Amino acid sequence: MNGDNLVVTRDAERIERNRQALRGAGMDALICALPSNVLLLSGYWPVVGTSIAVITREGGVGLVIPADEQDLATVGWADHVARFTPGSLDEMQPLMTVVAPALTQVLQRLGVATARIGLEQGPMLEPSSYAGTNRYGAALHTLLSGCAPSASRVDADETLMELRAVLTRLELAGVRTACRVAEDGFRAGAASVVPGATERDVAASFRATLAAYADAYGEGSARTGGFVFCMSGPNAAMADRAYARTRGRRIRPGDLVMVHCNSFVSGLWTDITRTYQPGPSEDGALELYEAVLAARRVALAAVAPGVRASEVDRAARDELA
């Protein structure tokens, strides 16, 4: 991905890393259906979760997609693309029935129908690419059994986690773009954090900038958006729960207001939280804020190649102490 214009180009570095990982794991091919893994293998981030990506140890890439995602899938680097079309609403065919011929075609064209094939197993955290998405889960094994009955299947989760752990130069450029989009959203949204505004008002203001980027980059060139949550005062104290929640509470002067953002640009996500304080406070909140900010600075200064995550954590805790 080019970090300036969001046009995806063939990521030779990613393809080579994937190829070497397969060789090291003794796999002839790797098949994935989770959108983040499909992106890893093919450069395309699926919309509804029905796409499947295949890569071989020689570096060949295949992609199975629903026909209505074809215009979006052109941003990827697949060598072979097979499309499937679910039946009309009055004669709807099961997904597996229409996907199987397309997957069989890709496996045969890549020459891995009788190979040793790695498969994702799970569980794995997966961000949502759309409001409602498909997850094959164990059905991917069933699908492969029918499409390539002579192939042997192996667990590829460890290989996938290692591949996802280190980004390529192009992927890093894409992440920086995603961060710039989020940064603009925070800069524009900060003006909405004022006494009297509701948490919903604030969240909507931050989110509006994220959505506007889809128009800025042009039709079809990028998918941008995300989730924004605002929690103020006593609600902010519940931010350590498993999920964030925006309510209708009105912000009061001196409140600590936390804004949490998960935004994306074509499958590359950010996870950013910032805390604001509109107006003075007499309960020590400012001192608390400044202490956390100082710990953050120390932690960032400790980050370097070869440094353990525990050392960065300890640097921040020592500063707080």
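The values are calculated or read from the model by the stated rules, or taken from the named source; none is laboratory data. Quantities reported herein were computed from a predicted structural model and do not represent experimental measurements. We place every Cβ from the backbone using ideal geometry, glycine too, and count neighbours over all the protein chains shown. Calculation scope for accessible area: heavy atoms of the full protein, side chains included, ligands and nucleic acids excluded. Shrake-Rupley method; radii C 1.70, N 1.55, O 1.52, S 1.80 Å.
Carbon and sulfur together cover what percent of the accessible area of the chain at a 1.4 Å probe radius?
On the way: 8660 of 16220 Å².
Of the solvent-accessible surface of the chain, carbon and sulfur hold 53 percent.
Roll a 1.4 Å probe over the protein heavy atoms and report the accessible area of R116 in Å², nearest 10.
R116 exposes around 100 Å² with every protein chain in place.
Work through the residues other than R247 whose Cβ is under 11 Å from its Cβ and net out their charges, Lys, Arg +1 and Asp, Glu -1. Please list the in-between numbers first.
On the way: positive: R200, R245, R249, R250; negative: E199.
Taking every Cβ under 11 Å from that of R247, the sum is +3.
Along the charge dipole of the chain, pointing to its positive end and built from +1/-1 on Cβ of Lys, Arg, Asp and Glu, which listed residue (S192, G254, V38) has its Cα farthest out?
Checking the options against the dipole of the chain, the answer is V38.
Over the chain, what relative contact order in percent results from Cα pairs under 8 Å that are six or more residues apart? It would help to have the intermediate numbers written out before the result.
Details: 571 pairs, mean separation 44.7, N = 321.
About 14 percent, as a whole number.
What accessible surface, in Å², does a 1.4 Å probe find on M96, ignoring ligands, DNA and RNA and rounding to the nearest 10?
Around 60 Å² of this residue is reachable by solvent.
Just to confirm a number: summing +1 for Lys and Arg and -1 for Asp and Glu over residues other than L268 whose beta-carbon lies under 10 angstrom from that of L268, what do you get?
On the way: positive: R176; negative: E171.
Charge balance in the 10 Å sphere: 0.
For the modelled label position 7 Å from the Cα of R187 along Cα-to-Cβ, which residues of segment 291-310 have backbone nitrogen atoms closer than 18 Å?
Backbone N within reach: none found.
Please compute P(r) over all alpha-carbon pairs of segment 196-321, binned at 5 Å starting from zero, and give each bin as a whole-number percent.
2, 10, 15, 15, 17, 16, 13, 8, 3, 1, 0
Note down the accessible area of R153, probe 1.4 Å, to the nearest 10 Å².
Number for this one is 110 Å².
At 1.4 Å probe size, with every protein chain present, just tell me what the per residue accessible area of the chain comes to in Å².
Counting only protein heavy atoms, the per-residue value for the chain is 51 Å².
What dipole magnitude, in Debye to the nearest 20, does the chain give about its Cα centre under +1 on Lys/Arg Cβ and -1 on Asp/Glu Cβ?
Working: 31 positive and 36 negative charges, 31 e Å.
Computed about the Cα centre, the dipole is about 140 debye.
If DNA, RNA and ligands are ignored and the probe is 1.4 Å, what is the ranking of Y289, Y136 by accessible area, most exposed first? Could the numbers behind the result be given before it?
Values: Y289 85, Y136 20 Å².
Largest accessible area first, the residues go Y289, Y136.
Are there DSSP H segments in the chain that both extend 15 Å or more along their axis (alpha-carbon positions) and score a mean Kyte-Doolittle hydropathy of at least 0.0? List them, or say none.
Working: long enough: 12-25 (20 Å, -1.34); 95-110 (23 Å, 1.18); 169-189 (30 Å, -0.09); 199-216 (27 Å, 0.06); 285-302 (26 Å, 1.05); 309-320 (17 Å, -0.87).
Correct list, ordered by number: 95-110, 199-216, 285-302.
Could you work out the Rg to Rh ratio of the chain, with Rh taken as the Kirkwood radius (inverse of the mean 1/r over all Cα pairs)? All intermediate terms of the calculation are to be shown ahead of the outcome.
Numbers: Rg = 22.7 Å, Rh = 21.9 Å.
Across the chain, the Cα-based Rg/Rh ratio is 1.04.
On average over all directions, what projected area in square nanometres does segment 56-150 have, based on the convex hull of its Cα atoms? All intermediate terms of the calculation are to be shown ahead of the outcome.
Values: hull surface 28.6 nm².
Mean orientational projected area (segment 56-150, Cα hull): 7.1 nm².
Give me the net charge for the shell around V292: Cβ to Cβ below 12 angstrom, other residues only, Lys and Arg +1, Asp and Glu -1. Show your work: numbers first, answer last.
Details: positive: R274, R296, R297, R317; negative: E287, E290, E319.
Combined, the nearby Lys, Arg, Asp and Glu give +1.
Could you identify which residue out of A82, A208, A165 has the top mean-square fluctuation in a GNM of the chain using Cα springs shorter than 10 Å?
Answer for the Gaussian network model of the chain: A165.
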